[in-house]
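In what follows, a structure is listed as structure tokens, so that the remarks can point back to it.
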Amino acid sequence: MCGIVGAAARRNVVDTLISGLKALEYRGYDSAGVALLTDKGLERQRMKGKVRELESLLAEHPLEGFTGIAHTRWATHGAPTTGNAHPVASRDTVAVVHNGIIENHETLRAELLALGYTFATQTDTEVIAHLIEHLHSAGVDLLSAVQQVIPRLHGAYAIAVISKREPGRVVGTRRGSPMVVGLAEGEQFLASDIHALLPVTRRFVYLAEGDVVDVGIDGVRIYDEHGKPAEREVKQAHFSADAVERGEYRHYMLKEIHEQPQAVTDTLEGRIAGGRVLTEIFGVGAKDMLTRTRAVQIIACGTSYHAGLVARYWIESLAKIPCNVEIASEYRYRESVVMPDTLFVSVSQSGETADTLAALKSAKARGYLATLAICNVPESSIVRESDLSLMTRAGPEIGVASTKAFTTQLTALALLAFELGRHHGLDEARYADLVRQLEGLPGAINGALALDGQIRALAERFVTKQHALFLGRGTQFPIAMEGALKLKEISYIHAEAYAAGELKHGPLALVDEEMPVIAVAPNDHLLEKLKSNIEEVRARGGELYVLADADVAQQVPHADGRLIVLPPCGELVAPIVFTVPLQLLAYHVAVLRGTDVDQPRNLAKSVTVE
């Protein structure tokens, strides 16, 4: 939700902190700030707005220090103002940056007010700074002060702290929000994400839940949630710093749309051989688990939820077992009934989505057969908490509106659906055909990307619109939902998706010559039904746009200039292929409307709070 960077070195760390914040700005961009231990003591610079605003401020009023922390914020408690920006300080001694929510902050605030502390912000974070300072001023060292304070904090958090009394030291901790430590010679770092630190190191330690880390110039010490010294494995990162650069593209989102053929190729690599999916890709014991599975429960949020909805059609069709898909934030607070031998599947790009992680933890007490994570981050909390996992291999995704993470999630879920089908009696010839479709998917996506010019021209018709409807049937209904989400996320046009058969049950009242209606029409068994729904729109003068498979394009009702013809593709992979033009449509409409494509208002990439 927010981005944290910390550093202890024998050199000025300001540039490292700022470059780290730029890499983390996808996590929040309401305000940004740095705190450094300088010759004058503890000094801060904070600014409402994006990191570039803070960078300009530092150019005018430079700071220099060997120990520092920095933060880019997505506001939860307190408006996005300079006054509420992190780092938050207590009595010019302790500075704190924080990602997450402290649920009992009001109780702690009342206690601190009684002790004589004053509050300069509306944030929940300020109670952390005052609690640490209160112990620290009584002679407790910074590490011990943090360790004594965290049991009093209820909620999810990642925290980094510095004190002017202890230069050369940054103390960090995490519970429910990610934190990684970067290791180098004579300088050590911590951050919310390894991409913030790739310019300075490739060696990382992922903190476990409840860990506290003491970061010093010459090394780090890690303690578990019980305060005992802990050893954590050092991982070598294989990402390059270039992976988070835009290159020739105007926006990260456009770059990531065009990276989808390779991302899907990477997700399939080493997972299909001899015309079949390798069962072992899901982990040790996967064959027994898939054979025993009698039902599937998928949990996800946002775009990942749409991927889960597509997977439900695949699983029930291929494996002939029931599949339920639920928004994680709803599942958490519902007393669900778990069928015997149900596989619990969590889908998350970051692996740190708060509601999905909490749903996974609660599932462990509900009697599921096993838990499986579909995720893009191998060391994430959701992967570590799951029995089995399948990585999506999308690589870094910086644009807030998810693109390649979605198509690689669908690819991974297709692998799961195929294997569930194969272990539950799916016809071998059908199975072989489906695997061939999947192997041809990267080429089909390239074919969809070739339509970029046509879609850009189509986007010009949307610039002045305020509303839009998306229609789909079967597996294309969730794709219509995803298309509507993309359009509203980055262009701020109000867009809704409906199962096309529902038009006559209410939404048809909205259709007139000012309402764009986008219909997704692949060559599948529901095409004839969808054609009837399209005619309903035409009969009422709706402004109709159709995405159609080349094999059936001329059979689908449309208006001149409003038909986008996609290359032929198999029915199973069609949802993935038809996603691409909807992503491009949203992108080009947003560019024409002049919105911030990569960092849309009020949104952040990784939602690590409820």
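Worth pointing out:
- One residue from Ala354, Ala358 being surrounded by fewer than 23 Cβ atoms within 10 Å (Cβ to Cβ), over 22 Å from Ile445 (Cα atoms) and outside the structural domain of Pro178 (by TED's automatic domain parsing): Ala358
- Qualifying residue in the stretch 178-197 (condition: touching a Leu at 6+ places or on another chain (Cβ under 7 Å) and acidic (Asp, Glu)): yes
- Annotation: of all residues in the stretch 146-172 being assigned to a loop (DSSP other than H, G, I, E, B) and not charged (D, E, K, R), the one that is surrounded by the fewest Cβ atoms within 10 Å (Cβ to Cβ) is His154.
- Across the stretch 275-284, a minimum of one residue is classified as modelled with pLDDT of 85 or more, more than 30 Å from Tyr368 (Cβ to Cβ) and assigned by TED's automatic domain parsing to the domain that holds Pro378.
- Contact annotation: residue pairs with Cβ atoms under 8 Å, 6 or more positions apart or on different chains, pairing a residue in the stretch 12-30 that is in the same structural domain as Gly83 (by TED's automatic domain parsing) with a partner that is modelled with pLDDT under 80 and in a helix (DSSP H, G or I), are Ala23/Val244.
- Sole exception among (1) touching a residue at least 40 places away in the same chain (Cβ under 8 Å); (2) of a type in the set (Ser, Thr, Tyr); (3) in contact with an Asp or Glu (Cβ under 8 Å, 6 or more places away or on another chain) for Thr38, by number: (1)
- Among the residues of the stretch 176-201, the ones that are under 24 Å from Ile382 (Cβ atoms) and either assigned to a loop (DSSP other than H, G, I, E, B) or of a type in the set (Asp, Glu) (or both) come to 7 in all.
- If the condition is being hydroxyl-bearing (Ser, Thr, Tyr), farther than 18 Å from Ala263 by Cβ and at pLDDT below 90, then the stretch 366-393 contributes only Ser381.
- Just one of the listed residues (Arg292, Arg332) is without any contact (Cβ under 8 Å) to a residue 60 or more places away in the chain and surrounded by fewer than 22 Cβ atoms within 10 Å (Cβ to Cβ), namely Arg332.
- Any chance Asp193 is of a type outside the set (Phe, Trp, Tyr) and without any contact (Cβ under 8 Å) to a residue 40 or more places away in the chain: no
- Residue in the stretch 318-368 that is nearest to Gly100 (Cα to Cα), counting only those that are of a type in the set (Asp, Glu) and in a loop (DSSP other than H, G, I, E, B): Glu352
Rundown of residues vs (1) at pLDDT below 95; (2) touching a His at 6+ places or on another chain (Cβ under 7 Å), yes/no style:
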{"residue": "Ala145", "(1), (2)": "no, yes"}
{"residue": "Val149", "(1), (2)": "no, no"}
{"residue": "Ile162", "(1), (2)": "no, no"}
{"residue": "Arg174", "(1), (2)": "yes, no"}
{"residue": "Glu185", "(1), (2)": "yes, no"}
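- For the criterion of being closer than 28 Å to Leu603 by Cα, assigned by TED's automatic domain parsing to the domain that holds Phe204 and modelled with pLDDT of 95 or more, Ala89 passes.
- Test result for Gly453, surrounded by fewer than 23 Cβ atoms within 10 Å (Cβ to Cβ) and free of Cβ contacts under 8 Å to residues at least 12 places away in the same chain: yes
- Verdict on Glu233 being closer than 23 Å to Ile382 by Cα and at pLDDT 90 or above: yes
- Residue within the stretch 321-332 that is closer than 20 Å to Ala286 by Cα, more than 19 Å from the chain's Cα centre (by Cα), modelled with pLDDT of 95 or more and not hydrophobic (A, V, I, L, M, F, W, C) present: yes
- Selection from the stretch 441-455 of residues that are in contact with a helix residue (DSSP H, G or I) (Cβ under 7 Å, 6 or more places away or on another chain) and either under 15 Å from Thr408 (Cβ atoms) or not acidic (Asp, Glu) (or both): Leu441, Pro442, Ala444, Ile445, Asn446, Ala448, Leu449, Leu451, Ile455
- Against the test of being touching a residue at least 12 places away in the same chain (Cβ under 8 Å) and farther than 23 Å from Ile382 by Cα, the options Gln297, Gln262 yield a single qualifying residue, Gln262.
- Test set (1) hydroxyl-bearing (Ser, Thr, Tyr); (2) crowded, with 21+ Cβ neighbours inside 10 Å; (3) touching a Ser or Thr at 6+ places or on another chain (Cβ under 9 Å) - Tyr305 fails condition number: (3)
- Options Ala521, Ala548, Ala539, Ala484; residue that is at pLDDT below 70 and of a type outside the set (D, E, K, R): Ala539
- For the stretch 202-221, a residue qualifies if it is buried (at least 19 other Cβ atoms within 10 Å of the Cβ) and in a strand (DSSP E or B), and the qualifying residues are Phe204, Val205, Tyr206, Val212, Val213, Asp214, Val215, Val220.
- Neighbours by Cβ (under 6 Å, 6+ apart or cross-chain): first from the stretch 154-166, assigned by TED's automatic domain parsing to the domain that holds Phe189; second in a loop (DSSP other than H, G, I, E, B) and acidic (Asp, Glu): His154/Glu103; Gly155/Glu103
The values are calculated or read from the model by the stated rules, or taken from the named source; none is laboratory data. This structure is a prediction, so every number in the text was calculated from the model and none was measured. Neighbour counts run over all protein chains shown; Cβ positions are idealised from the backbone, glycine included.
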